[in-house]
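Structure, as structure tokens:
The values are calculated or read from the model by the stated rules, or taken from the named source; none is laboratory data. For clarity, every value in this text was computed on a predicted model and none was experimentally measured. Glycine gets a Cβ as well: all are built from the backbone with ideal geometry, and neighbour counts include every protein chain shown.
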Amino acid sequence: MIQVYNLNKSYQKDSSAVRDLTLKVAKGEFVYITGPSGAGKSTLLKLLFAAEKPSRGQILINGQNLTRMNGKKIALMRRRLGVVFQDFKLINSRSVFENVAFPLEIQGKKRYEVSNKVYQVLKLVGLEHKIKRYPLELSGGEQQRIAIARALVIDPLVLIADEPTGNLDPDNTREVMELFKGANARGTTVLLATHDRDIIRRFPRRVLTLDQGRLVRDLTP
């Protein structure tokens, strides 16, 4: 599903955020990416969903080489990638329905398809009763579940999450992790960056550890 070869990302001449990184993630895997602050976790994820361009190396997702795609092809590929951020990145001026519907509208889906799919995924995350609310009317845990619903509504090949529980209390963290586990059980490949060792202990999966931009450990429980 994901193949990375000799990946490098430099922002300054003598500073590399990702260094000579090679890894493979199989279809349907759940993989943690961990490491100390500044290890390159967020940069790696940005490279995987093409928010950043690598300085050198290759990234293949579902057999397609991201590093050789033009802007139009990258936009099409992103339609198959769900992304969840620590700070939610919801649009505060739009309702819950409108936030979750946004990726489907970009794809040009018909209104009845959008409505059915949005309700389905909101029910999945347990927030169908909040469909007319706005992000600032929700708790942090609810906002993150809406962000996950927005990522899941496109039935992504890959779900990429950057510190999705970083701002949540233990109860909300557990609920969010159950959503990621459920998505993975339905066949979605999940990559989740976290510094929280307790999450990894309670929900054991394959763990890739980065340090100074390099892959230093690859452990499977």
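Assuming PHE88 fulfils every condition listed in (1) of a type in the set (A, V, I, L, M, F, W, C); (2) surrounded by 15 or more Cβ atoms within 10 Å (Cβ to Cβ); (3) at pLDDT 90 or above; (4) not in a helix (DSSP H, G or I) apart from one, which condition is it?
Of everything listed in (1) of a type in the set (A, V, I, L, M, F, W, C); (2) surrounded by 15 or more Cβ atoms within 10 Å (Cβ to Cβ); (3) at pLDDT 90 or above; (4) not in a helix (DSSP H, G or I), PHE88 misses just condition (3).
Return the residues of the stretch 40-87 that are of a type in the set (A, V, I, L, M) and over 18 Å from the mean Cα position of the chain (by Cα); say none if nothing qualifies.
Across the stretch 40-87, the qualifying residue is only MET69.
Collect the residues in the stretch 50-100 that are hydrophobic (A, V, I, L, M, F, W, C), over 30 Å from SER139 (Cβ atoms) and touching a residue at least 40 places away in the same chain (Cβ under 8 Å), keeping them in residue-number order.
Applying the first criterion (hydrophobic (A, V, I, L, M, F, W, C)) to the stretch 50-100 yields 50-51, 59-61, 66, 69, 74-77, 81, 83-85, 88, 90-91, 96-97, 100.
Adding the requirement that they be over 30 Å from SER139 (Cβ atoms) leaves 50, 59-61, 66, 69, 74-77.
Result: ILE59, LEU60, ILE61.
For the stretch 75-94, which positions are on the phi > 0 side of the Ramachandran plot and of a type in the set (Lys, Arg)? Explain how you work it out, then say what you get.
From the stretch 75-94, those on the phi > 0 side of the Ramachandran plot are 88-89; that's our starting set.
Answer for the stretch 75-94, where residues must be on the phi > 0 side of the Ramachandran plot and of a type in the set (Lys, Arg): just LYS89.
Suppose we filter ASN167, ASN184 for residues that are more than 21 Å from LEU7 (Cβ to Cβ), polar (S, T, N, Q) and assigned to a helix (DSSP H, G or I); which single one remains?
On the way: ASN167 fails: assigned to a helix (DSSP H, G or I).
The conditions single out ASN184.
Kindly check whether there is at least one residue in the stretch 12-34 that is farther than 26 Å from GLY140 by Cα, hydrophobic (A, V, I, L, M, F, W, C) and assigned to a helix (DSSP H, G or I).
So in the stretch 12-34, the residues farther than 26 Å from GLY140 by Cα come out as 12-29.
This time we only want the ones that are hydrophobic (A, V, I, L, M, F, W, C), so: 17-18, 21, 23, 25-26.
Filter again for assigned to a helix (DSSP H, G or I), leaving none.
No, every residue in the stretch 12-34 fails to be farther than 26 Å from GLY140 by Cα, hydrophobic (A, V, I, L, M, F, W, C) and assigned to a helix (DSSP H, G or I).
Return the residue satisfying two criteria in turn: it lies in the stretch 128-147 and is under 20 Å from the mean Cα position of the chain (by Cα) and not small (Gly, Ala, Ser), and of such residues it is nearest to LYS181 (Cα to Cα). Quick ask: steps written out before the conclusion?
Let us first name the residues in the stretch 128-147 that are under 20 Å from the mean Cα position of the chain (by Cα), namely 135, 140-147.
Next, only the ones that are not small (Gly, Ala, Ser) stay: 135, 142-146.
Values: PRO135: 24, GLU142: 17, GLN143: 18, GLN144: 15, ARG145: 13, ILE146: 16 Å.
Among those residues, the one meeting the criterion is ARG145.
Answer with yes or no whether LYS109 is part of a loop (DSSP other than H, G, I, E, B), within 26 Å of GLY126 (Cβ to Cβ), of a type outside the set (A, V, I, L, M) and under 14 Å from the mean Cα position of the chain (by Cα). Break it down into steps so the answer makes sense when it comes.
Numbers: part of a loop (DSSP other than H, G, I, E, B): yes; within 26 Å of GLY126 (Cβ to Cβ): yes; of a type outside the set (A, V, I, L, M): yes; under 14 Å from the mean Cα position of the chain (by Cα): no.
For LYS109, the condition - part of a loop (DSSP other than H, G, I, E, B), within 26 Å of GLY126 (Cβ to Cβ), of a type outside the set (A, V, I, L, M) and under 14 Å from the mean Cα position of the chain (by Cα) - is not met.
Which condition does SER93 not pass, out of (1) in a helix (DSSP H, G or I); (2) over 18 Å from VAL158 (Cα atoms), if it passes all the others?
Condition (1) is where SER93 drops out.
Which numbered condition trips up ASP171, out of (1) free of Cβ contacts under 8 Å to residues at least 60 places away in the same chain; (2) under 26 Å from THR43 (Cβ atoms)?
That leaves (2) as the condition not met.
When you go through VAL114, VAL118 one by one, which is the residue that is under 20 Å from the mean Cα position of the chain (by Cα) and either in the same structural domain as GLN3 (by TED's automatic domain parsing) or of a type in the set (A, V, I, L, M) (or both)? Even if it seems obvious, please write down each step before you answer.
Numbers: VAL114 fails: under 20 Å from the mean Cα position of the chain (by Cα).
Result of the check over VAL114, VAL118: VAL118.
It is to be established whether one or more residues within the stretch 132-145 are in a helix (DSSP H, G or I), farther than 30 Å from SER15 by Cβ, in contact (Cβ under 8 Å) with a residue 40 or more places away in the chain and of a type in the set (D, E, K, R).
The answer is no; no qualifying residue exists.
Would you check if there is a residue in the stretch 58-69 being at pLDDT below 95, assigned to a loop (DSSP other than H, G, I, E, B) and either closer than 25 Å to GLN144 by Cα or not assigned by TED's automatic domain parsing to the domain that holds THR188 (or both)?
No; the residues of the stretch 58-69 include none that is at pLDDT below 95, assigned to a loop (DSSP other than H, G, I, E, B) and either closer than 25 Å to GLN144 by Cα or not assigned by TED's automatic domain parsing to the domain that holds THR188 (or both).
Looking at ALA147, ALA183 in this structure, which one is within 28 Å of THR43 (Cβ to Cβ) and in the same structural domain as LEU44 (by TED's automatic domain parsing)?
Numbers: ALA147 fails: in the same structural domain as LEU44 (by TED's automatic domain parsing).
Matching residue, one of ALA147, ALA183: ALA183.
Go through (1) assigned by TED's automatic domain parsing to the domain that holds VAL31; (2) touching a Lys or Arg at 6+ places or on another chain (Cβ under 7 Å) one by one and return the number of the condition LEU127 breaks.
(1)
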